[in-house]
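Okay, structure first, notes after.
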Amino acid sequence: MKKRGEGLRKTYNRFHDLNERDPAILELRRSHEAIDRAVLRAYGWADLVEQASPRFPGEEEPDFAYRKKLFWPAEFRYEVLARLLALNAERAQAEKRAEFGGEQRR
């Protein structure tokens, strides 16, 4: 990015270009994948790590506006989102229990 004098928009437009083969962009894609996998591990979802491989879409997802961009396949995205929603619900319940317990002690 710095060597080419490009900002984020231009860099990520190249990142999402199926035909882009610049070694720096390929390394950026690998770095994003490594970060994705590290985040999944941090959440304790090691069972998803090997599936965290972004792809350029084919005909399988014609309805997505961003279909020309590198992204996780739908089934994987939905699994991650479902787990995040469940985790959010668990945390919200824990907060409510903590608040309720705190009010009882007063």
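The values are calculated or read from the model by the stated rules, or taken from the named source; none is laboratory data. Because the structure is predicted, anything quoted here is derived from the model rather than measured. Neighbour counts are summed over all protein chains in view; Cβ atoms, including those assigned to glycine, are modelled from backbone coordinates with ideal geometry. Remember, those area values only see protein heavy atoms, side chains included, never the ligands or the DNA or RNA. Shrake-Rupley method; radii C 1.70, N 1.55, O 1.52, S 1.80 Å.
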Practice task
Answer with yes or no whether residue 71 is surrounded by 10 or more Cβ atoms within 10 Å (Cβ to Cβ) and more than 14 Å from the chain's Cα centre (by Cα).
Solution key: no
Exercise for the section: All but one of (1) part of a loop (DSSP other than H, G, I, E, B); (2) surrounded by fewer than 12 Cβ atoms within 10 Å (Cβ to Cβ); (3) under 14 Å from the mean Cα position of the chain (by Cα) hold for residue 82, so report the exception by its number. Expected result: (1)
Exercise for the section: For residues that are surrounded by 10 or more Cβ atoms within 10 Å (Cβ to Cβ) and more than 20 Å from the chain's Cα centre (by Cα), scanning just the range 8-49, find the one that is farthest from residue 87 (Cα to Cα). Expected result: 22
Exercise for the section: Return the pairs, sorted by first residue and then second, in which the second residue is open to solvent by less than 100 Å² (accessible area, probe 1.4 Å) and small (Gly, Ala, Ser), the first residue lies in the range 86-101 and is at pLDDT 95 or above, the beta carbons are less than 6 Å apart, and the residues are 6+ apart or on different chains. Expected result: none
